1. Multiplying the sequence separation of ARG37 and ILE533 by 0.36 nm and subtracting their Cα-Cα distance, what value in nm do you get?
2. How much net charge surrounds GLY524 when only other residues with a Cβ under 10 Å from its Cβ are counted (Lys, Arg +1; Asp, Glu -1)?
3. Quick one: what does P(r) look like for the range 413-475 with 10 Å bins over all Cα pairs, in whole %?
4. Let me have the 222 nm mean residue ellipticity of the chain computed from DSSP H runs of 4+ only, each contributing -39500 (n - 2.57), with the sum over all residues rounded to the nearest 500.
5. What whole-number value in Å² describes the accessible area per residue of the chain for a 1.4 Å probe?
6. So how far apart, in nm, are the two label points at SER57 and LYS504 if each is 7 Å from Cα heading toward Cβ?
7. Above 13 angstrom, tally the Cα pairs of the range 288-348 and express them as a % of all pairs, no decimals.
8. Taking the chain on its own, what percent of its Cα-Cα pair distances exceed 42 Å?
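The values are calculated or read from the model by the stated rules, or taken from the named source; none is laboratory data. What you see is a predicted model; the values in this text were computed from it and never measured. Positions of Cβ are generated from backbone atoms using ideal geometry, with glycine treated the same way; all protein chains shown enter the neighbour counts. All accessible areas refer to the heavy atoms of the entire protein, side chains included, with ligands and DNA or RNA removed. Shrake-Rupley method; radii C 1.70, N 1.55, O 1.52, S 1.80 Å.
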Amino acid sequence: MTDNDTGIDAGPSRDDPVDADSITVDTIDCDEEITPRLVIAIDFGTYACGYALQWRSDYENANCLESIKVPTKWSASGFCTRKTPSCILLKPDKSIAEFGYKADFQFSKNESLPERKRPKDWKDWYFFRFYKMRLYTGEELTVDTPMEAANDKHLPAVEVLAKTIEYLKDEAINKLREDGVVYPEEETKWVLTVPAIWNDPAKHVMHEAAEKAGINGKNLSIALEPECAAIYCTKLPLDKMDVAIGSNEKTNIAAPGQTLMIVDMGGGTVDITTVKINEDKTMQQVYKSCGGPWGGTKVNEKFEMFLAELIGRETVRTFVEKHAIDYHDLRMDFESRKREMKGSDDQIPIKLPDSLRQLWERAEEKEIDEILEEKKEFGEIEFMTGRLFLEAKIIQRFFQETIDGLHKYINEEVFAEGSNISVNSIILVGGFAESSYVMQNVRESLRSRNIPVVRPQLPELAVLNGAVLFGQNEKIVTSRVMRHTYGIAMTMEFVPNKHKADEKYELDNMIMANNVFRKHVTIGQTVQISEWISSKEYYPENERDLKTTVFVFTSDSEDPVHTTEEGCKYIGQVDVDFGYGRNFTARKAVKVEFKFGGTELKVRAITSTANKPHVRYLKVQ
């Protein structure tokens, strides 16, 4: 593709073209937004999942927060929870056997049984646990990217994600039926949350999974987790927030003009978004989303590494393989203790399964009290009433890498020297933010900056509740700051000292540059949501061409020259038809525009001949 002086390129690279079959595009029939009668949100987290719903009539009442329904049907160890672990057990035909707590327990139970008592086809079942982090990797992700199961099997990522969404979707619909309510499918807005720091391909895979799960794409919105949390928290009164005693937190953190940093601390990642509250109570993003892999599951991993060093790797491996149900109970118990962790000097009790104790004593050929006497280098540890009592500083060490990573990022990256970010309050949300120990450490690290650090009383539900509110009013977020540079691949006349020599080629006695990156949006630029922006025209290389293709790229650089540079990624294409026998007296041209509505990138290409807009979601398949 070319601009005024050149023509439309044949592809992302003449020498190494992208396989177009791996990318598909969908025509968007209309761009209208409907007012939903019902909003159902699905929060698919690294560690836990849940859903919530709200009727439009309830949202329009004064106490709209009170009417968000979050079922407490998930049960574990005799108590009910609002979310359930992100675990799914699939039968050999890939139908859903169990989900959440039940899936984790059923898999552990069957793994603990003698082979003769397991299902005959057990080796062909699939079990996935905490698999969402697979989408956070820096690798190129497609719907066919393999997802590794806990039992060493694999399925395409989109299939596992679709099964997860399908289960939660069906649970929500069944809840309506149990309440005697008819599910208004055509008038229901579905909202699916994703981390703001995910790249575009990961978001597209999630969108594709939702459609595969049976959600109509026209009724689906992908929402950014920290933005949802911000929407929820700005509607909370201060008495519903956890604030430091004696601190100078403002009486209204959501007052117009306030700038809030939302730190979403989930199981896999910490996701940071900074927004400013406008006069009309809408919000605009003022700094690009950022974060990293410092979620709560890192603490669990440290605990398991500690056990392996304390007890012995071979002993622990045997325990996990031979006593999977006891291993399940040990993990669940530590998860509870982790959330209760405080900065005290108290001992922390961890239930030690009897099977693990026996394996340990047999391997050491000693009683457990004698073993612990010889393990003083690990810290103060006692065994009483079937529990290991660990001094608090041992557990605190499990948090250290995660806390240090978060501290360093906030202080050295977000508030780097020369940064123009001015924040009035920092709000911690997410399951990991339920830890008082984490809360205390974040407050301490920011004490010198005199920035209040608060959290809602139920931080684990902030994203889920906010996703419902987002579905009711998607226009509440008015602008975002771009995390990438976006542009189109084109050809133009070769410019020495600018274009690469290996991109030079000859066309009609002219020296041309191939794979030139023509920028439409720059990294760090603020763009208005749901508005067509950055209109630019392109011309085909050959005026006789009846069709052409617009190739869309992103870059991590502010001013990329070629689409083949490091940091540039091909994210999709728009196929354009100039039409047959229509207005061919005009010079053929394609006007290309971008729209960053919600979290879905739309690209519109309008031809000068047919004058018909081609609007596409760019969707990796």
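1. Result for the pair: 175.5 nm of gain on full extension.
2. Neighbour charge sum, excluding GLY524 itself: +1.
3. P(r) for the range 413-475, in whole percents per bin: 19, 39, 31, 11.
4. -8000 deg cm²/dmol
5. 44 Å²
6. Those two pseudo-labels are separated by 7.3 nm.
7. So the portion of pairs separated by more than 13 Å is 71 percent.
8. Roughly 31 percent, rounded to a whole number.
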